[in-house]
Amino acid sequence: MIAKWLNGNKIGIHHIRLRNKMMIVYIFCVFLPILITNIVFYQVTSENVKRQNLEDTTRALEQIKNQLLTELDGAINVSSGFFTDNKLNELLENEYKRPADYIEAYDSYFRRILNSYTPIYASVQNIKIYLDNPTLLHSGGIGYLSPEIKESEWYLALGGPSSNATAFVRSPREDLLIASGEGVAVDTFSLVRRMNYFDSLNNWEKVLKIELKMSSIHTIFSNLNVQGNVYLVNGEGEVAYSNNTETDWFTVRQPFDQLRFPSDSVLLRTSYPAGSLLGDWQMIAVVSEKDIFSELRKSREFVYWMSGINLIVPTLIIGWIARSITARLGNILRYMKRVKNQHFDTMHQEESNDEIGQLTGEFNRMTLQIRSLINDVYVADIRQKSLELERRKAQLNALQSQINPHFLFNALETIRMRSVIKKETETAKIIHNMAKLFRSALTWKRDMVTVREELEFVNCFLEIQQYRFGDRLTFDLDVDPAAGELLIPKFIYLPFVENACIHGVEQVKKGGHIDLRIYSEEGMVHFSIQDNGGGMPPEQMDKIRSYLAEEEELGERIGVQNVIYRLKLIYGQEFQFDIDSEAGHGTSVRIGIPVARSMNF
């Protein structure tokens with residue numbers, strides 16, 4: 001993609017200096033991946049820590065809710081004992097003629113039953129029965145159900161006198177005094193229940209009030225696993241209890257919705273089961289995100305250190321390797337420019353066994369050979385044979401044009417052998433295919449080859465392109481065995497295969513496919529190739545068809561124009577050529593040549 005952008009802006013990847021290429025590789029293959037990886041890692045870790053802390057807080061909130069319900073279950077069990085105690089209800093219904101009779105009944109049963117539950121249920125602080133029987137002495141756990149009591153919040157929570165409801169309320173205790181002697185109302189939680197279990201014992205209205213110990217409530221709400229503040233909200237949406245000392249919930253009825261929290265606060269809610277006594281109550285935890293990420297901050301410094309190491313170490317290594325490559329290649333380039341100006345000096349640098357070291361050695365040998373050739377052949381005869389000198393110069397140019405390809409072929413063979421040694425079989429195979437194509441181009445001894453030999457070149461080229469494109473390129477070869485030994489001009493099919501890969505499949509992001517078919521029929525060898533690439537516009541097809549009518553010399557033409565020129569030179573008008581293409585739908589090419597003629601040119 002980057003290469004396409006560079007080419008589209010007329011920069012070209014081959015025009016960028018090697019140092020800048022290494023910088024591009026470093027930025028896009030090292031720096032940005034490491035940076036993005038660390039950012040993503042930090043974000044994912046933050047989300048995981050936040051989620052885990054929220055889950056822990058939710059579990060702790062559930063634990064507080066269940067512990068409070070457990071404490072309430074103890075009070076319910078106590079109330080059930082009073083509610084179903086037949087003898088207690090009978091004694092409460094009696095009309096005592098003398099106070100002594102009541103005191104005797106109180107000492108024989110009331111005192112014992114009232115004091116028997118407190119040691120068993122540690123959460124119960126006080127038990128009191130309110131009733132309107134005037135013959136009872138209202139003390140020691142027995143209270144008079146006065147009109148003032150009937151106006152209290154805890155009594156009104158039960159509903160009318162005929163109601164069987166059981167209520168859990170926050171109510172003031174009116175039986176406590178502070179040191180000053182002034183009566184004070186202190187908030188507590190109470191379980192209130194009507195004692196009307198026995199239909200025959202309902203002459204007097206009886207209400208049981210069980211107060212819970214606030215120390216037990218404090219213990220439940222002091223759960224250290226909740227990092228923020230916890231609020232118990234009743235059915236009216238008021239704060240019944242909170243461990244937040246800054247919230248005034250114990251002197252006024254404070255609606256929870258009117259409380260103001262910091263903008264980064266997270267609210268976690270849990271409700272009691274619908275069938276329980278607290279069915280419309282909620283437990284709400286208010287947690288600050290600063291507390292949620294407190295653990296993450298401890299490891300932030302470690303993340304910074306690891307990020308720095310992951311960036312600095314690769315940077316130093318890549319810089320060291322890049323300097324080793326660019327400095328030595330720059331030295332070779334300087335000496336090549338000196339050769340261009342006829343200064344045939346050899347390079348003196350530390351011997352190395354990598355490809356650049358081998359390239360340096362080959363350059364020194366080539367320079368010595370050229371210098372020896374010039375000194376031995378040209379300089380000695382330059383004054384005597386000017387014509388011979390010109391011919392020698394032409395031979396030297398030809399020799400130089402041969403030396404470079406042979407040198408590159410040797411370099412390819414060297415790289416391939418090192419790949420084989422390192423067991424990089426796929427790379428070695430591709431280099432071997434390139435070497436075969438290169439060797440074939442260098443050793444042009446025959447103009448005509450068999451279809452089988454031409455297919456070897458095609459296979460080598462397609463394997464190289466498949467190595468380049470990967471899964472983007474697939475191809476099918478359908479070759480008639482009878483056509484395998486027929487003679488055709490060398491490299492007559494390869495340019496079309498190259499065009500199908502480079503100009504066709506390269507434009508397709510995925511699913512590029514090439515179909516190639518060769519068969520013999522009626523004295524002709526037919527070749528067809530079709531791709532599903534980007535295709536070409538009509539004017540481009542017209543330009544290619546115009547090559548059939550042109551009579552110009554070959555010159556430096558390459559590719560399709562070169563193939564058509566050679567076919568015209570060998571077969572005249574006896575060959576067939578057709579091309580069909582549509583932009584966005586691929587290209588197909590068909591060639592037919594006679595099998596009876598074989599000639600060189």
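The values are calculated or read from the model by the stated rules, or taken from the named source; none is laboratory data. These numbers come from a predicted model, not from an experiment. Heads up, the Cβs are rebuilt from the backbone with ideal geometry, glycines too, and the neighbour counts pull from every protein chain shown. In case anyone asks, the SASA skips ligands and DNA or RNA and just uses the protein heavy atoms, side chains included. Shrake-Rupley method; radii C 1.70, N 1.55, O 1.52, S 1.80 Å.
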Next item on the list: Return the long-range amide H neighbours of E238 (sequence gap of 5 or more, or a different chain), with a cut-off of under 5 Å between placed amide H atoms.
Entry: F256
Margin query: At 1.4 Å probe size, with the rest of the protein present, what percent of the exposed accessible area of the range 474-531 is carbon and sulfur atoms?
Written below: 49
Next item on the list: May I ask you to compute the full-extension gain from L368 to R260, defined as 0.36 nm times their residue separation minus their alpha-carbon distance, rounded to one decimal in nm?
Entry: 30.0 nm
Notebook entry, point to check: What list of ³J(HN,Hα) values in whole Hz, one per residue of the range 42-50 in order, does the Karplus curve 6.51 cos²θ - 1.76 cosθ + 1.60 (θ = phi - 60°) give from phi, with Gly and Pro shown as x?
Noted result: 5, 5, 5, 4, 4, 5, 5, 5, 4
Margin query: For a Förster distance of 35 Å, can you work out the FRET efficiency between the beta-carbons of H14 and Y519, rounded to the nearest 0.05?
Written below: 0.30
Item checked: Area of F198 that stays accessible when all protein chains are in place (1.4 Å probe, Å², to 10) -> 40
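What's the local net charge at V44, with K and R +1, D and E -1, over the other residues with C-beta under 12 Å away?
So the environment of V44 carries a net charge of +1.
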Notebook entry, point to check: Between I317 and T425, what is the label-to-label distance in nm when each label sits 7 Å out along the Cα-to-Cβ direction?
Noted result: 2.7
Item checked: Spin-label model distance (nm) - M23 vs Q573, 7 Å beyond Cα toward Cβ -> 6.2
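Give the carbon-plus-sulfur fraction of the accessible surface of the range 306-371 in %, rounded to a whole number; probe 1.4 Å, heavy atoms of protein chains only.
60
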Check: Suppose R0 equals 45 Å; then what is the FRET efficiency for K150 and Q63 from their Cβ-Cβ distance, rounded to the nearest 0.05?
Finding: 0.75
Next item on the list: Would you mind giving the three semi-axes, in whole Å and largest first, of the ellipsoid equivalent to the range 11-127 according to its Cα gyration tensor?
Entry: 83, 10, 7
Note to self: What would the Debye equation give as log₁₀ I(q)/I(0) for the range 213-328 at q = 0.10, 0.22, 0.23, 0.24 Å⁻¹, counting only Cα atoms as equal point scatterers?
What the structure shows: -0.50, -1.27, -1.33, -1.39
Next item on the list: Rank these by accessible area, largest first, 1.4 Å probe: H348, H343, H138.
Entry: H348, H343, H138
Margin query: If I model a spin label at S546 and S222 as a point 7 Å from the Cα along the Cα→Cβ vector, what separation in nanometres do I get?
Written below: 9.7
Checklist line | Gain in span if fully extended, L32 to D480, counting 0.36 nm per residue against the direct Cα distance | finding: 156.1 nm
Checklist line | Y304 - accessible surface, heavy atoms, 1.4 Å probe, Å² rounded to 10 | finding: 140
Next item on the list: Determine, from the Cβ-Cβ distance of S46 and K509 and an R0 of 30 Å, the FRET efficiency 1/(1 + (r/R0)^6), rounded to the nearest 0.05.
Entry: 0.30
Next item on the list: At 0.36 nm per residue, minus the direct Cα-Cα distance, what do S352 and R111 gain on full extension? Give it in nm, one decimal, please.
Entry: 76.2 nm
Next item on the list: Distance check, please: which entries in K87/K213; K490/K568; K87/K206; K490/K510; K150/K209 exceed 20 angstrom between their Cα atoms?
Entry: K87/K213; K490/K510
